[in-house]
1. All but one of (1) on the phi < 0 side of the Ramachandran plot; (2) at pLDDT 90 or above; (3) crowded, with 17+ Cβ neighbours inside 10 Å hold for V229; state the number of the condition that does not hold.
2. Can you tell me how many residues in region 154-190 are exposed (fewer than 15 other Cβ atoms within 10 Å of the Cβ) and either touching a residue at least 24 places away in the same chain (Cβ under 8 Å) or touching a Cys at 6+ places or on another chain (Cβ under 6 Å) (or both)?
3. Give me the pairs: first residue in region 122-150 and closer than 20 Å to G160 by Cβ, second residue of a type in the set (S, T, Y) and open to solvent by 20 Å² or more (accessible area, probe 1.4 Å), beta-carbon distance under 7 Å, and six or more apart or on different chains, which are they?
4. Can you name every residue in region 6-40 that is open to solvent by 60 Å² or more (accessible area, probe 1.4 Å) and either within 19 Å of G174 (Cα to Cα) or of a type in the set (A, V, I, L, M, F, W, C) (or both)?
5. If you scan region 63-109, which residues turn out to be more than 12 Å from the chain's Cα centre (by Cα) and β-branched (V, I, T)?
6. Which of the residues that make up region 106-151 are open to solvent by 40 Å² or more (accessible area, probe 1.4 Å), in a helix (DSSP H, G or I) and either over 18 Å from E39 (Cα atoms) or at pLDDT below 90 (or both)?
7. Working only within region 110-132, note down all residues that are over 15 Å from the mean Cα position of the chain (by Cα) and within 27 Å of R15 (Cβ to Cβ).
8. Could you list, in sequence order, the residues of region 17-37 that are among the small types (G, A, S), in contact with a helix residue (DSSP H, G or I) (Cβ under 8 Å, 6 or more places away or on another chain) and farther than 11 Å from S125 by Cβ?
Amino acid sequence: MTAEILLDDTAGRNRAVAVLRDGGIVALPTDTVYGIGVELGSEGGIERLFEAKRRPADRAIMLLLADANQAAELADWPPSAAVLAEAFWPGGLTLVLPRRRGVSLPAALTGGRPTIGLRVPDHPSPRALAAGVGPLPVTSANISGQPAAETAADIREQLGDAIELILDGGPSHGGPASTVVDCTAPRPRILRLGAVDPTLIVARLRSASLPEPVPWEDSRGPERRDEGVEG
């Protein structure tokens, strides 16, 4: 069945929450490109995201959050993460953090890693859905290797028979992907350059008397793949 398209308004988001709770896949606008998401606890939901995108399950999927409080429920929260989240959330910053002991997460979400990527986006739609169903696994709304979908019609053309609902928020904002910062060690590492300028990250950590990140060129390794985090 071809995906239903609804306006990204209160009624549409309420419908999206219901679809997610029933185990369905929802496409939604974010502050960058459109994404597709499922409820974190949905049985086989992460695998369905991989199938919808027609890609192998070899990279972790990040979680979009309603607020920073949800992050503390899932991951350890070192001082560097607290400082950067306060400065750049909501916004284009993904934090890679150690998973909290005792927190059960789908193995497919993290790609077998002991870390998890978290972000509070600067867009009300994903925050509203995450408030309704909890932290939301989200990956870009396109078939792997194809251009990012810019409109609801683009999404339905690419993924229409693999997802249940599309929230139409107009053309995507586009722009750079999120900056990814690994906060699992005392000295953070910038894993991917993106929306947040690294000089701002350095300045914020320095002002809090915390260790500055490893220089970007030193963070890059021939085999480094952004810890597998998308988004």
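The values are calculated or read from the model by the stated rules, or taken from the named source; none is laboratory data. A quick note: this is a predicted structure, and the numbers were derived from the prediction, not measured. When we count neighbours, we look across all protein chains shown, and the Cβ atoms used for this are built from the backbone with ideal geometry, even at glycine. Note: areas computed on protein heavy atoms with side chains; ligands, DNA, RNA excluded. Shrake-Rupley method; radii C 1.70, N 1.55, O 1.52, S 1.80 Å.
1. (2)
2. Matching residues across region 154-190 total 7.
3. That search, which allows pairs on different chains as well, returns A148/S140; E150/S172.
4. Correct list: L7, A11.
5. V83, V103
6. A107
7. G132
8. G23
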